[in-house]
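**Student:** Quick one: the structure is below, and I'll ask about it shortly.
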Amino acid sequence: MSASDDRRRIERALHDGVQQDLVAVSVRLQLVRLLAAEDLPAAVALLDEIGTDVRGALERVQSLANEIYPSVLDARGLPDAIRGAASAAHVSATVEAEGERYPADVEAGVYFCCRALLQRLGADAHVTFRITADERALRVEIAGDFAGLDAQGLLQGRPEILSGALSVDPAPDGDTLVALTVPLL
């Protein structure tokens with residue numbers, strides 16, 4: 001999925017989901033105002049329902065915000081963000097990481113590449129991420145059963161934004177090894 005497709009999907013989710021939620025809350029609040037004068041218990045019950053609707057809308061906004069840029073990436077870094085993306089995709093993931101934090105644009109680009117790959121796997125798949133770095137580059141090796149998955153096409157375009165390199169090769173154990181190298185300079 002391209003960045004343009006992601007933007008359109010998020011725009012639709014905002015328009016068709018969150019915006020509609022807020023319009024419905026506004027209409028129901030007007031109804032509460034009318035009910036308050038005539039039937040206070042019904043007004044209170046409707047306020048409880050509106051509270052539930054608002055909490056649901058907030059959850060959807062938080063979910064969209066995490067799709068745009070996950071807060072865990074800022075707070076705890078790339079390994080935890082990848083673990084969270086794997087959990088959301090119902091994929092079992094082992095994440096081995098060396099090093100500390102990396103530049104924010106590099107972490108974001110690598111995270112979104114990894115998330116895109118995870119979202120294409122079936123539930124209950126297992127993937128291993130190995131994150132290493134030296135003074136010049138961050139390397140992420142992703143090993144898993146990507147049979148029938150066009151990883152090159154899936155990630156194409158994203159590493160180039162970061163001047164990175166991507167390779168897809170068979171691993172010795174029969175899995176596929178996707179390797180992403182991103183310059184840190």
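The values are calculated or read from the model by the stated rules, or taken from the named source; none is laboratory data. Given the structure is predicted, the values throughout are model-derived calculations rather than measurements. Quick reminder, even Gly has a Cβ in these numbers, built from the backbone with ideal geometry, and neighbours come from all protein chains shown.
**Student:** So Y102 passes all but one of these: (1) touching a residue at least 40 places away in the same chain (Cβ under 8 Å); (2) in contact with a helix residue (DSSP H, G or I) (Cβ under 9 Å, 6 or more places away or on another chain); (3) in a helix (DSSP H, G or I). Which condition number does it fail?
**Tutor:** Checking Y102 against (1) touching a residue at least 40 places away in the same chain (Cβ under 8 Å); (2) in contact with a helix residue (DSSP H, G or I) (Cβ under 9 Å, 6 or more places away or on another chain); (3) in a helix (DSSP H, G or I), the one that fails is (3).
**Student:** Sort through Y102, Y69 and tell me the only one that's of a type in the set (F, W, Y) and closer than 17 Å to L180 by Cβ.
**Tutor:** Y102
Yes/no matrix, rows are residues, columns are (1) surrounded by 12 or more Cβ atoms within 10 Å (Cβ to Cβ); (2) assigned to a helix (DSSP H, G or I); (3) more than 13 Å from the chain's Cα centre (by Cα); (4) of a type in the set (A, V, I, L, M, F, W, C):
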position: G17; (1), (2), (3), (4): yes, yes, yes, no
position: V25; (1), (2), (3), (4): yes, yes, yes, yes
position: L47; (1), (2), (3), (4): yes, yes, yes, yes
position: R55; (1), (2), (3), (4): no, yes, yes, no
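**Student:** Which members of region 83-99 meet the condition of being part of a helix (DSSP H, G or I) and in contact with a Leu (Cβ under 7 Å, 6 or more places away or on another chain)?
**Tutor:** A85, A86
**Student:** Which numbered condition trips up L138, out of (1) of a type outside the set (F, W, Y); (2) buried (at least 18 other Cβ atoms within 10 Å of the Cβ); (3) in a helix (DSSP H, G or I)?
**Tutor:** (3)
**Student:** Within the set of pairs 6 or more residues apart or between chains, which connect a residue that is in the same structural domain as A97 (by TED's automatic domain parsing) and among the acidic types (D, E) inside region 118-131 to a residue that is surrounded by fewer than 14 Cβ atoms within 10 Å (Cβ to Cβ) and in a loop (DSSP other than H, G, I, E, B) with Cβ atoms less than 8 Å apart?
**Tutor:** These pairs meet every condition: D124/H90.
**Student:** Let me ask something else about it. Identify all residues within region 78-131 that are surrounded by 16 or more Cβ atoms within 10 Å (Cβ to Cβ) and in contact with a His (Cβ under 8 Å, 6 or more places away or on another chain); write none if there are none.
**Tutor:** Correct list: V91, A93.
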